[in-house]
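Report on the following structure.
The values are calculated or read from the model by the stated rules, or taken from the named source; none is laboratory data. Computed from a predicted model, the values in this text were never measured in an experiment. Every residue, glycine among them, receives a Cβ derived from its backbone with ideal geometry; neighbour counts consider all protein chains shown.
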Amino acid sequence: MSTVLLVHAKGGPPLGHVLSRAAAKARVHLLALSALPPATTGPAHTLCASVLTPTGPQRRDLVSLIVAQARAVGADAVLTFSEYAVVAVAQACEELGLAGAGSAAALARDKRLMRRTWQEHGLPQPAFRPLASEDDLHAAAAELSFPLLLKAAWSAGSTAHQIIRAPHEVSAAWHRSRQVMAESAQLGYAELHVARAQADFVVEEIVTGTAASWFTEEGWGDYVSVEGVVADGAFHPVCLSGRMPTVEPFTERASITPALLPPGAQEQIVDLARRSVDALGLRDCGTHTEIKLGADGRMWLIETAARFGGAMTVPQVEEVFGLDLVGMLIDHLLRRPVAWPAHALTPAQARGAAGSLVVLAVDAAGQAWPDRRIWDFSAAARIPLAPHSTLCAVAESSLADGSPVPVYDPAAGANTMAALCLLSAPDPHSVLRGFETLIAALPQALPAARPEEARR
């Protein structure tokens, strides 16, 4: 039986989902760079041939650690589904002579390099400037048009995003973003291999998006993601996922598979995703490309990742289209034949729909809940939804029942979420309307926090 070294870190699909699919394909050894979620600690030791949690000194040279562990277990493939470990794993695969994202992985991780590469290929994106200091940000603000979006170059999940509307907001935004990146690093949401990565930023103009030109019903957000894979350097689009509108500044609230787009619009979007991935020069990895939608068919690239989409994207694709992306990628890395879709799958080929909702303490308009509430999934599950809909909480990504719902912090983004919920329904429309119902009802349906709980 083939052997796989799986490198686990924060983010990515639920570890339990990944482990069960990986163990069906190969003997799995787990290198845990982040603590295992409590819900998967038992299954991890059951499904894996070994579980290694390196200590501080072992982690100083992450690539060497991965290479050494891969050699120790005789790994035929090494992979990760975490944004924060993508670069290290790609470099380790290069050293080991194994299939992986390749030396271009950093281009799909560092937003400064990514945007520069797209600029060289003439691909549509917001005007931007790379930053290494507050002085750089002041200089960029004098050249670009407000409003601006400040992003940490190596962040994920909209962490440390700051909207800057006027010159006098520049300094405060810079210091707040740096503070959030430092706090995120303490929580394990930070690049694991590149030194001083939390000091690198990019600022870009905010383009005006609209969903009205692309979707036939209201409620969809003005951006989508194209899920795909690169196999032997060739890009294979799998499907599109739609979104609900973000919460300010640009925190993702919900992902819905499939995106309910007309065929012509989907083809247009997939073509841009293909050009974005091809420009980066990736070799063997999952991909997740986010694209902003504008009026009159305009589009702008947001980012491409050299890994599958995080949260519940991978389980959603499996539920809706019957594709085990984890198992398929492992098969490819082990040089087994894989039948990737010949084209991006459409809503007409879907068997129902599935979506994931990030529970944040803000209403549909992005306004804070009037009082503090306690997370209790049983209360959320009692909210009436469309017939034949099924709601469940993703334990790995949710607070324990009885925990106070955090106050939403725009700069911290998804770091202040209370839970992640998965909704399955007969069609994308039912998922979208179900999420709208949940967002409206949760502030009243969840138990009120007692004064001592509200202070946490």
Scanning for something of a type in the set (Phe, Trp, Tyr) and not in a helix (DSSP H, G or I), does the stretch 167-174 turn up at least one residue? no
Name the strands (runs of 3 or more DSSP E) wholly within the stretch 348-456 that hold at least 1 residues that are surrounded by fewer than 19 Cβ atoms within 10 Å (Cβ to Cβ), outside the structural domain of Ser155 (by TED's automatic domain parsing) and hydrophobic (A, V, I, L, M, F, W, C)? 390-393
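Is the stretch 274-282 home to any residue that is assigned by TED's automatic domain parsing to the domain that holds Asp427, surrounded by fewer than 18 Cβ atoms within 10 Å (Cβ to Cβ) and within 21 Å of the chain's Cα centre (by Cα)?
Looking through the stretch 274-282, none of the residues is assigned by TED's automatic domain parsing to the domain that holds Asp427, surrounded by fewer than 18 Cβ atoms within 10 Å (Cβ to Cβ) and within 21 Å of the chain's Cα centre (by Cα).
When you look at Val89, is it in a strand (DSSP E or B) and surrounded by 17 or more Cβ atoms within 10 Å (Cβ to Cβ), yes or no?
Against the criterion (in a strand (DSSP E or B) and surrounded by 17 or more Cβ atoms within 10 Å (Cβ to Cβ)), Val89 does not qualify.
Conditions (1) of a type in the set (Asp, Glu); (2) part of a strand (DSSP E or B); (3) over 22 Å from Gln125 (Cβ atoms), marked per residue:
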site: Glu204; (1), (2), (3): yes, yes, no
site: Ala211; (1), (2), (3): no, no, no
site: Trp214; (1), (2), (3): no, no, no
site: Ser225; (1), (2), (3): no, yes, no
site: Pro237; (1), (2), (3): no, yes, no
site: Leu240; (1), (2), (3): no, yes, no
site: Pro245; (1), (2), (3): no, no, no
site: Pro249; (1), (2), (3): no, no, no
Do the conditions hold for Ser50, that is, is it among the polar types (S, T, N, Q) and either surrounded by 23 or more Cβ atoms within 10 Å (Cβ to Cβ) or in contact with a Leu (Cβ under 9 Å, 6 or more places away or on another chain) (or both)? yes
Evaluate the stretch 136-157: report whether one residue or more is at positive phi and in contact (Cβ under 8 Å) with a residue 12 or more places away in the chain. yes
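For (1) modelled with pLDDT under 95; (2) in the same structural domain as Val358 (by TED's automatic domain parsing); (3) among the aliphatic types (A, V, I, L, M), each residue gets a yes or a no:
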{"position": "Ser20", "(1), (2), (3)": "no, no, no"}
{"position": "Val28", "(1), (2), (3)": "no, no, yes"}
{"position": "Leu33", "(1), (2), (3)": "yes, no, yes"}
{"position": "Ala49", "(1), (2), (3)": "no, no, yes"}
{"position": "Arg59", "(1), (2), (3)": "yes, no, no"}
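Quick one: is Val226 farther than 21 Å from Trp369 by Cα, touching a residue at least 60 places away in the same chain (Cβ under 8 Å) and under 14 Å from the mean Cα position of the chain (by Cα)?
In short, yes.
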List pairs: first in the stretch 331-353 and closer than 14 Å to Gln316 by Cα, second of a type in the set (Val, Ile, Thr) and at pLDDT 95 or above, Cβ under 7 Å, 6+ apart or cross-chain? Leu345/Val238; Ala350/Val320; Arg351/Val320; Gly352/Val320; Ala353/Ile256; Ala353/Thr257; Ala353/Val320; Ala353/Val431
Here is a list: Ala412, Ala393. Which entry is among the hydrophobic types (A, V, I, L, M, F, W, C) and closer than 19 Å to Arg433 by Cα? Ala393
